[in-house]
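These notes concern the structure reproduced below.
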Amino acid sequence: MVQDVLQYLSAHPGVLAALCLFLFLALVGGWYVVHHHLKLIVVTLLCAGGFASGCLVAYRGVQGDMRDLVAIGLFLIVVFPIVYMQALRTTKIASGMTGGPSAADRGHAKRAGV
């Protein structure tokens with residue numbers, strides 16, 4: 001099957017060029033996202049995993065009629081979205097995306113005497 005695909009791509013250079021361009025742009029876009037948003041990606045994955053774990057623990061507690069597991073599961077279900085929202089707020093404040101003018105804009109306004 002790989003030979004058939006390679007034979008098709010060698011017979012159609014336009015398709016091969018479009019595929020290579022698509023892969024190159026996907027790599028550049030992936031690098032950009034990972035480079036600029038790695039902290040948010042990790043926080044999102046950890047919080048989503050914690051929330052899913054809480055759901056599973058609560059479900060197992062309900063199935064096994066164990067109130068302690070239900071309480072732990074509900075605690076995790078409540079805590080991880082709070083942690084996620086706090087991480088987003090902290091990142092937004094740290095990166096300067098609070099809705100006001102950026103540092104560069106404030107510097108230009110100061111130099112202009114505004």
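A few notes on this one:
- Within segment 24-41, considering residues that are at pLDDT 95 or above and open to solvent by less than 90 Å² (accessible area, probe 1.4 Å), the one nearest to LYS92 (Cα to Cα): VAL28
- Test: residue in segment 76-96 that is touching a Leu at 6+ places or on another chain (Cβ under 8 Å) and open to solvent by 70 Å² or more (accessible area, probe 1.4 Å): no
- In this entry, ARG60 passes the filter for residues that are among the charged types (D, E, K, R), in contact with a Gly (Cβ under 9 Å, 6 or more places away or on another chain) and surrounded by 12 or more Cβ atoms within 10 Å (Cβ to Cβ).
- Residues that are polar (S, T, N, Q) number at least 1 in the following helices (runs of 4 or more DSSP H) confined to segment 7-114: 13-63, 67-95.
The values are calculated or read from the model by the stated rules, or taken from the named source; none is laboratory data. Owing to the predicted nature of the structure, the values given are computational and were not obtained by experimental measurement. Neighbour counts are summed over all protein chains in view; Cβ atoms, including those assigned to glycine, are modelled from backbone coordinates with ideal geometry. Please note that ligands, DNA and RNA were not included when accessible areas were found on the heavy atoms of the full protein model with its side chains. Shrake-Rupley method; radii C 1.70, N 1.55, O 1.52, S 1.80 Å.
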